[in-house]
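Visitor: If you scroll down you'll find the structure; I have some questions about it.
What follows draws every value from the coordinates through simple rules; no lab data is involved. Nothing here was measured: the structure is a model prediction, and the numbers come from that model. Cβ atoms come from the backbone with ideal geometry, glycine included; neighbour counts cover every protein chain shown.
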Amino acid sequence: MATQTTTPTPENALSSNELPQVKESGNLASVEATKSPEKIVEIIEPQKEKAPAVAPAVQSVSQAKDSPSPVAVKSEDLQQIEKILSVGLDDLYQSLSEIRKSEFKQKGEETARAVERLMKSAKIKVGKIVKLIVDWLKMIPGVNKFFLEQESKIKADRLLEYKQDKEEGKI
């Protein structure tokens, strides 16, 4: 069945008696064609030509999802918190496998964001900050739990010093 795509013009437009008749019965509507299927196809074809104009926009949105998202801009506080948390961990980080490095880095960034939220509150809960840091450092295999406690308390103290210096205007 060969169909031609034509744009509607006054010459090739169907008369009102050639258009399909719509009959409504209850909630359902049925279409009765008074002419051949080719005529109906010619009516529908111009509408299909408009559809590809929408498709590229949809494709660009789906391509945007597949592409890596832009890196969020980190606040100055978050950068300082990450710097404080990473002090002294270079050797341990380098000894990790590539998979563990990415997991450790991601968990460290999550910890830094959580610490930043806690430090913005009026009352800082040092115990929660220490627990977050301990949970993050537990990802390092073969590390003594006393080392974890000691490092997390040192890092928490440095974070509190940073906040105090910032509030006093030293930073």
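Visitor: Quote the FRET efficiency, to the nearest 0.05, computed for GLU103 versus LYS170 with a Förster distance R0 of 30 Å and r equal to the Cβ-Cβ distance.
Guide: That gives a FRET efficiency of 0.25.
Visitor: Shifting gears a bit: Mind scanning LYS131/LYS155; LYS131/LYS170; LYS120/LYS170; LYS101/LYS166; LYS107/LYS155; LYS105/LYS125 and naming the pairs with a C-alpha gap bigger than 21 Å?
Guide: Distance filter (> 21 Å) returns LYS131/LYS170; LYS101/LYS166; LYS105/LYS125.
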